[in-house]
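These notes are about the structure you will find just below.
The values are calculated or read from the model by the stated rules, or taken from the named source; none is laboratory data. Because the structure is a prediction, the values reported are computed rather than measured. Cβ coordinates were reconstructed from backbone atoms using ideal geometry, including for glycine residues, and neighbour counts include every protein chain displayed. Please note that ligands, DNA and RNA were not included when accessible areas were found on the heavy atoms of the full protein model with its side chains. Shrake-Rupley method; radii C 1.70, N 1.55, O 1.52, S 1.80 Å.
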Amino acid sequence: MNELTPERLFDLELRERPEHAAGLKAVAISVQHVEEYMHFGEGMHALLKMNQKDGFDCPGCAWPDPDGRRSPIAEYCENGAKAIAEEATNMRVTPEWFAKHSINEMGAMTDFELGKSGRITQPMYLAPGATHYVPISWDDAFKTIAEELNALNSPDEATFYTSGRASNEAAFLYQLFVRQYGTNNLPDCSNMCHESTGTALSETIGIGKGTTTLQDLHDADLIIVMGQNPGTNHPRQLNAFEKCKKNGGRIISVNPLPETGLMKFIDPQSPLDILKRGTKLTDLFLQVKINEDMSLVRAICKILWEEEKKAPGTVFDQEFIETHTAGYNAWTKMLEDTSLQECIDGCGVSAMQIHEAAGMIHGSEKIVLCYAMGLTQHENSVDVIQEMVNLLLLKGSIGKPGAGICPVRGHSNVQGDRTVGIWEKLKPEFRDALKAHFNFEPPKEDGFDVVNSIKAMHAGTVKVFFALGGNFISATPDTSYTAEGLRQCNLTVQISTKPNRSHVVHGKKALILPCLGRTEKDIRATGEQFVSCENSMGVVQMSKGVLNPKSPHLRSEVSIICGVAAATLGDKSTVDWAAMANDYDSIRDAIASCVTGFERYNERVREPGGFYLPNGPRNRNFGTDDGKAHFTVSPLSTHQLAEGEYLMMTVRSHDQYNTTIYGMHDRYRGIHNERRVVMMNEEDMKKAGLKAGEKVDLTSEYDGEVRHARLFQVVPYSIPSGNICTYFPEANTLVPITRSARKSNTPISKSVRVKVTAKKD
Ligand SMILES: Nc1nc2c(c(=O)[nH]1)N[C@H]1C(S)=C(S)[C@@H](COP(=O)(O)OP(=O)(O)OC[C@H]3O[C@@H](n4cnc5c(=O)[nH]c(N)nc54)[C@H](O)[C@@H]3O)O[C@H]1N2
Ligand SMILES: Nc1nc2c(c(=O)[nH]1)N[C@H]1C(S)=C(S)[C@@H](COP(=O)(O)OP(=O)(O)OC[C@H]3O[C@@H](n4cnc5c(=O)[nH]c(N)nc54)[C@H](O)[C@@H]3O)O[C@H]1N2
Ligand code: SF4
Ligand SMILES: [Mo]
């Protein structure tokens, strides 16, 4: 048995890929999920309150809600409905459930089976050497954590992970506790997600976030969607694309896969759209090779540059370049030395299509670039994103209506968590603010991010692992290596809603602390509380649950953090944790004092729709040292593949939320009833002598070390030759901990060198 990822096959079925996303099928599936897992009335009540100005923020992705009028009946998508059904399920994981299922039995379950077991109802404890979790009181759980933390030689021997679902209020208190305890070891899911964005954009435009609003997408002449699968992961983004198209805009998609959601969209709420059979979204699809976006964009820039030289000022926005940018001459010199043919050969897209793309960009004044994990999870991700910034800068497409850069965030509050201080690096101004407001000396040294936390656990220098949400073992790279690290810890603590593999792969002692979800009412001593989140476009909004808690023993994340902090820090702390836990307004007042942009937080967050955080580049105020946006020069990607090696990307199916598996179907890719699949180019299959459905093992070799992922099935797919695609998290065992993105240290989940070997029966 492999308890890190059970190697069991189901019943693979390949069907025709649908030609459009959403439509009535999506509505039917939303309702089906709610019906299957929730009391129907409760489910419909929750759906009607999701993403409403007086409701709760969808716990799915970070796509923004409309600023103005919202549909009173449906501001959600199929995957939002699935997220609700998953959280507000009728199923319960009680102490009796844990008594029945040993750790070994839990390990034998797939992620789908584990998650579907239901909501955890009580705090649970696993003693050293024990086979089963047993119930523990909240006070004893806090005492156990405090004892372990206070027994360490240094606060840096503990690490505190955050997943991006935590609210601003919970996240702020968490980092405050961790820093009062004495460390900056605050790894978060961002380290594996948009860290490359933060690094690339801070260096070039002076802010680590995107610059667009929803309106900018509607008003763009051209939207370039790169390395993103919005039909699955940000479904309501398709509405924005549709609006752009209706306003006369065009769309270029850049992806190794022809993702269904990018091609055609039927708005399920528009009878006209349904009748018309939808809107074609992508005008030009560029089927780039994995991680060759750099050579593609370089080729486009080279073509544009040649045109610009012939008639200066007709292609580039020279006024913007002169007034607002630096580094242009070095960049154009690099273009002079670039071979167009080399770039074309590298990216695998035809010269004709590249010229067509260049023509579309030439003819557009207002360009928006949307992207996600397809750009951020490679060794040269920071370079690739900066190359995209170069393209926007030469067209003056930052800081004006209808234009800008739109890194599409994943978790619903991953952006907010960073804004309120979840980061292993403590910025001096925030440090000073914490020091002044709370009267303590926050640690100065950078802490561990995700990759460095894993390495430190493995080396035995980190001995306590604490997680505010998420599923660390399944989300991280190099699963076996990470498991060895976690298992060496004295204590692992998980604040969770549902069982997951991080409860199976544990330290010598382990605790599960069950918390309220976004959908649930949060009643404290001073009355009903609400929390707040920041979406992908920098809007902070309130979120107030509407359902009754799934168990009377559940506590809010805020109250759990306050309990841990009070028990651990005792009289040493300058914070009144109990007061914070009982009145979230007091937390927001503290945030307002410490974080720029949150002035009058309590007042403004109560306004319907919330408020926008300041964003300098939107007004061409670039927060770099010289106040300018920077062109940057980077090398092209290089991948040396050995004989029989492919470059592998790991992606999400349509039926999962990261490591939470909603179902076994990837409907938009026509892959049903199986997740252990490897999508391959048909010519490559022929060359390798592999047939559709054939059972294979996958291996990756780095520095002489071989990693295995066994028992997958081959699926012929439209993907460039030399590239393969698997699902996250099943293939995470192949992602080497020894490689990560330069500067951002993000694991290389989208470009792993892998061999595919037929299984001998
Ligand atoms: N339903 C649902 N919604 C989600 C999530 C979920 O799991 N389920 N996860 C949330 C989170 S945390 C995140 S970060 C986002 C993730 O959202 P996405 O980034 O859309 O998610 P991935 O499935 O990783 O898809 C990456 C896309 O990039 C493409 N790609 C891979 N490599 C390359 C490359 O080198 N170049 C180019 N141009 N394209 C490439 C893939 O083919 C795929 O279409 O979604 C969020 N929303
Ligand atoms: N190979 C590969 N690996 C990847 C990626 C990839 O594309 N490829 N993507 C990376 C990315 S972009 C991300 S963001 C990470 C995601 O990494 P994580 O954020 O760590 O993982 P999730 O699967 O989102 O976490 C799911 C768990 O969160 C808990 N949970 C759900 N709701 C709540 C809540 O309200 N509160 C609390 N406390 N817990 C809750 C549940 O117990 C559930 O099991 O994975 C990364 N890993
Ligand atoms: S687009 Fe994202 S935030 Fe909006 S309803 Fe769908 S899953 Fe939720
Ligand atoms: Mo993410």
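Key figures
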| item | result |
| --- | --- |
| Residues within the range 171-209 that are open to solvent by less than 10 Å² (accessible area, probe 1.4 Å) and not in a helix (DSSP H, G or I), tallied | 7 |
| Residue within the range 576-589 that is touching a residue at least 60 places away in the same chain (Cβ under 8 Å) and at positive phi present | no |
| Residue match in the range 86-107 (condition: in the same structural domain as Ala510 (by TED's automatic domain parsing), within 21 Å of the chain's Cα centre (by Cα) and either of a type in the set (Phe, Trp, Tyr) or within 20 Å of Asp267 (Cβ to Cβ) (or both)) | no |
| Residue check, Ser721 part of a loop (DSSP other than H, G, I, E, B) and closer than 17 Å to Glu682 by Cβ | yes |
| Test for Asp216: is it more than 16 Å from ligand 1 (Cβ to nearest atom), open to solvent by 10 Å² or more (accessible area, probe 1.4 Å) and farther than 30 Å from Met106 by Cα | yes |
| Tally, over the range 164-188, of residues that are under 20 Å from the mean Cα position of the chain (by Cα) and either within 16 Å of ligand 3 (Cβ to nearest atom) or aliphatic (A, V, I, L, M) (or both) | 7 |
| Selection count, the range 196-212, where residues are within 12 Å of ligand 1 (Cβ to nearest atom) and touching a Gly at 6+ places or on another chain (Cβ under 9 Å) | 1 |
| Segments classed as helices (runs of 4 or more DSSP H), wholly inside the range 102-165, with at least 3 members that are hydroxyl-bearing (Ser, Thr, Tyr) and under 21 Å from Asn490 (Cβ atoms) | none |
| Given (1) outside the structural domain of Glu441 (by TED's automatic domain parsing); (2) part of a helix (DSSP H, G or I); (3) not small (Gly, Ala, Ser), index of the condition Asn621 fails | (2) |
| So Ile84, is it touching a helix residue (DSSP H, G or I) at 6+ places or on another chain (Cβ under 7 Å), open to solvent by 20 Å² or more (accessible area, probe 1.4 Å), of a type in the set (A, V, I, L, M) and within 20 Å of Gln656 (Cα to Cα) | no |
| Failed item in (1) in a loop (DSSP other than H, G, I, E, B); (2) closer than 30 Å to Ala592 by Cβ, with Thr461 passing the rest | (2) |
| Listing of strands (runs of 3 or more DSSP E) fully contained in the range 487-602 that carry 3 or more residues being touching a helix residue (DSSP H, G or I) at 6+ places or on another chain (Cβ under 9 Å) and farther than 30 Å from Ala459 by Cβ | 531-534, 539-543 |
| Single match in Ile724, Ile748, Ile719 (criterion: open to solvent by less than 20 Å² (accessible area, probe 1.4 Å), touching a Lys or Arg at 6+ places or on another chain (Cβ under 8 Å) and of a type in the set (Val, Ile, Thr)) | Ile748 |
| Per-region count, the range 246-256, residues more than 15 Å from Ala403 (Cα to Cα) and open to solvent by 40 Å² or more (accessible area, probe 1.4 Å) | 1 |
| Residue in the range 563-576 that is in contact with a strand residue (DSSP E or B) (Cβ under 9 Å, 6 or more places away or on another chain) and buried (at least 20 other Cβ atoms within 10 Å of the Cβ) present | yes |
| Residues of the range 263-296 classified as within 16 Å of ligand 3 (Cβ to nearest atom) and in contact (Cβ under 8 Å) with a residue 60 or more places away in the chain, total | 5 |
| Failed condition for Gln32, given (1) within 30 Å of Tyr717 (Cβ to Cβ); (2) in contact (Cβ under 8 Å) with a residue 60 or more places away in the chain | (2) |
| Residue under evaluation Leu222, criteria (1) within 16 Å of ligand 1 (Cβ to nearest atom); (2) within 20 Å of Ile367 (Cβ to Cβ); (3) buried (at least 22 other Cβ atoms within 10 Å of the Cβ), criterion not met | (1) |
| Residue in the range 666-674 that is under 26 Å from Cys77 (Cα atoms), small (Gly, Ala, Ser) and in contact with a strand residue (DSSP E or B) (Cβ under 7 Å, 6 or more places away or on another chain) present | yes |
| Options Val462, Val408, Val414; residue that is open to solvent by less than 30 Å² (accessible area, probe 1.4 Å), near ligand 2 (Cβ under 10 Å from one of its atoms) and either at pLDDT 95 or above or in contact with a Ser or Thr (Cβ under 6 Å, 6 or more places away or on another chain) (or both) | Val414 |
| Test result for Ala330, modelled with pLDDT of 95 or more and either in a loop (DSSP other than H, G, I, E, B) or within 32 Å of the chain's Cα centre (by Cα) (or both) | no |
| Filter result for Cys77 (among the hydrophobic types (A, V, I, L, M, F, W, C), crowded, with 18+ Cβ neighbours inside 10 Å and touching a His at 6+ places or on another chain (Cβ under 7 Å)) | no |
| Among residues of the range 495-538, those that are away from ligand 3 (no atom under 16 Å from the Cβ) and open to solvent by less than 10 Å² (accessible area, probe 1.4 Å), counted | 16 |
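Let's see how each residue does on (1) within 16 Å of ligand 2 (Cβ to nearest atom); (2) assigned by TED's automatic domain parsing to the domain that holds Leu173; (3) outside any loop (DSSP other than H, G, I, E, B); (4) open to solvent by less than 30 Å² (accessible area, probe 1.4 Å):
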| site | (1), (2), (3), (4) |
| --- | --- |
| Met388 | no, no, yes, yes |
| Gly402 | no, no, no, yes |
| Trp423 | yes, yes, no, no |
| Leu426 | no, yes, no, yes |
| Glu429 | no, yes, yes, no |
| Leu434 | no, yes, yes, yes |
| Lys444 | no, yes, no, no |
| Phe448 | yes, yes, no, no |
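The rows are residues; the columns are (1) farther than 27 Å from Val389 by Cα; (2) modelled with pLDDT of 95 or more.
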position	(1), (2)
Ala566	yes, yes
Asp571	yes, no
Asn582	yes, yes
Asn602	yes, yes
Asp626	no, yes
